[in-house]
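Let me begin by presenting the structure, written as structure tokens, before commenting on it.
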Amino acid sequence: MTMAKAAGTAAVLMLALAACGGGGGNNNSNAGNNAGQNGGNKGSQQVKQMNPLHVAHNEIAGHSLQINMGQQNNSGQAGNASVTDVKGGANVTINLKSEPKGASEPAHIHQGTCTKLNPAPWKPLNPVVGGRSFTHVAGLSVAQLKKGKYAINVHKSANDLKTYVSCGDLVL
């Protein structure tokens, strides 16, 4: 490979990785239309799931995932999430816009995708409060998540777990 070609390839990869932190959350293709069990998400709209730059990042990066969180049930709650390997597990961060003031919205990692979600939580996360959630999940790794199909799901409240307000797929 010539030096110029190698430099060009490196520049493209650097731009793709630098852009991974961006990308709003209102473009999830699989985040809507999940009726779930017991009819939990009727009336959701379909929006684009993966930001192409997040897809490129997730394929290249071995120890972190960037996820678009799309609104569900006309909640207006879209944003992003990340999963990053750290010593002893993984840190999961969720950032959502338009969360109702004073809300505490349960969040979980579920098996499946936003369109075909196993309603039983797989890994509990701290609730989204003020639009943010941070959880250290002991024993979890990005490599483990990349081997299956998982989604981060945010529920309206502890009293209304059947209504999903935001979802993002952890698959490539």
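The values are calculated or read from the model by the stated rules, or taken from the named source; none is laboratory data. These figures come from a predicted structure and were not determined experimentally. Here Cβ is always computed from backbone atoms with ideal geometry, including for glycine, and neighbour counts include all displayed protein chains.
Evaluation of residue 74 against the conditions (1) surrounded by fewer than 16 Cβ atoms within 10 Å (Cβ to Cβ); (2) touching a strand residue (DSSP E or B) at 6+ places or on another chain (Cβ under 7 Å); (3) not hydrophobic (A, V, I, L, M, F, W, C) shows that the sole unmet condition is (2). If the condition is being farther than 15 Å from residue 72 by Cα and not in a strand (DSSP E or B), then segment 98-128 contributes 101, 102, 103. Each residue in segment 98-114 was checked for being surrounded by 14 or more Cβ atoms within 10 Å (Cβ to Cβ) and either of a type in the set (D, E, K, R) or within 13 Å of the chain's Cα centre (by Cα) (or both), and 10 of them qualify. Taking segment 85-129 as the range and being of a type in the set (Val, Ile, Thr), touching a strand residue (DSSP E or B) at 6+ places or on another chain (Cβ under 6 Å) and farther than 12 Å from residue 166 by Cβ as the test, the residues that pass are 92, 93, 109, 113, 129. Residue check: is residue 161 on the phi < 0 side of the Ramachandran plot, in a strand (DSSP E or B), modelled with pLDDT under 95 and surrounded by 19 or more Cβ atoms within 10 Å (Cβ to Cβ)? So residue 161 fails the test. Each residue in segment 77-88 was checked for being under 13 Å from the mean Cα position of the chain (by Cα) and either surrounded by fewer than 20 Cβ atoms within 10 Å (Cβ to Cβ) or without any contact (Cβ under 8 Å) to a residue 40 or more places away in the chain (or both), and 2 pass.
When segment 132-154 is filtered for residues that are in a strand (DSSP E or B) and farther than 10 Å from residue 109 by Cα, the ones remaining, listed by number, are 132, 133, 134, 135, 136, 137, 138. Out of 109, 67, 94, 152, one residue alone is touching a Gly at 6+ places or on another chain (Cβ under 6 Å) and modelled with pLDDT of 95 or more. It is 152.
The residues of segment 116-134 that are polar (S, T, N, Q) and crowded, with 19+ Cβ neighbours inside 10 Å amount to a single one, 133.
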